[in-house]
1. Taking Arg156 as the residue in question, decide whether it is of a type outside the set (Val, Ile, Thr), loosely packed, with under 15 Cβ neighbours inside 10 Å and assigned by TED's automatic domain parsing to the domain that holds Gln197.
2. I'm told Phe110 meets every condition in (1) of a type outside the set (Val, Ile, Thr); (2) in contact (Cβ under 8 Å) with a residue 60 or more places away in the chain; (3) touching a Lys or Arg at 6+ places or on another chain (Cβ under 7 Å) except one. Can you identify the failing condition by its number?
3. Quick check on my filter: what residues within the range 139-175 are in contact with a helix residue (DSSP H, G or I) (Cβ under 9 Å, 6 or more places away or on another chain) and aliphatic (A, V, I, L, M)?
4. Just checking, does the range 186-202 include any residue being among the acidic types (Asp, Glu) and closer than 14 Å to Ser124 by Cα?
5. All but one of (1) assigned to a helix (DSSP H, G or I); (2) at pLDDT 95 or above; (3) hydroxyl-bearing (Ser, Thr, Tyr); (4) under 16 Å from the mean Cα position of the chain (by Cα) hold for Thr98; state the number of the condition that does not hold.
6. Report, by residue number, each residue of the range 20-32 that is surrounded by 18 or more Cβ atoms within 10 Å (Cβ to Cβ) and either out of contact with any Lys or Arg (no Cβ under 9 Å at 6 or more places or on another chain) or not small (Gly, Ala, Ser) (or both).
Amino acid sequence: MLLTIRTDRPQDRKAKISIDNTLWGTLPNGVLLSLYPIPSEQEIDAAEFERLKRLLTERAYSLLLDYLAKQERSTWQCRQNLHKHGFHSGIIAECITTATEARYLDDERFAELLARSLAERRKSRVYAVNKFYEHKIPPATYEPFLGQYFRPQEQREWLLPQIEKLQNRYQALSPYEARTKIIASLYRKGYSLELIQSCLAASELDD
């Protein structure tokens, strides 16, 4: 197997490790210099490959724990973060599995925290679903939290103050133009047309 070690710039403090022209990840120069010169290219045997793979996995897992220590993350975010550091998909999968088994990484816990945060910020149910989709969270995981944090009555309570604010903003327009702009604005935020029209009707009755 051909081992290639290189840095993108002379001042870089970590080097890229490639085996047979496949990038496996990065290691700090201080770790590598006790084993190989930087840069270098040489043949290695299976035992050396396994030693390097173990070092890379330990490094990737350490970076993953640092990433998770800052705040709750989704599995997708963690995969993307390790991929950004250049780690091989096999190493990423192993680290994700280890962190999940240790409960450091939990998509169900992440989904509940995200749902609660979005509800506190008065986001729409559709907006929340799109956020879960961005994080690759399956419906079976997030749907219970939609029911818990995005109940229809609460959505109405969130929407009515927004309608009042928009009515004040567009009061110089004709009723038809104002209504059209209000509907368009709230629809872009992810509220359903049915809910918007219902709340508009209630608001107009109050007037």
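1. In short, yes.
2. (2)
3. Those that are in contact with a helix residue (DSSP H, G or I) (Cβ under 9 Å, 6 or more places away or on another chain) and aliphatic (A, V, I, L, M): Leu146, Leu159, Leu160, Ile163, Leu166, Ala172, Leu173.
4. For the range 186-202, residues among the acidic types (Asp, Glu) and closer than 14 Å to Ser124 by Cα: present.
5. All conditions pass for Thr98, except number (4).
6. Trp24, Thr26, Leu27, Leu32, listed by residue number.
The values are calculated or read from the model by the stated rules, or taken from the named source; none is laboratory data. Being a predicted model, the structure only gives us computed values, none of them experimental. When we count neighbours, we look across all protein chains shown, and the Cβ atoms used for this are built from the backbone with ideal geometry, even at glycine.
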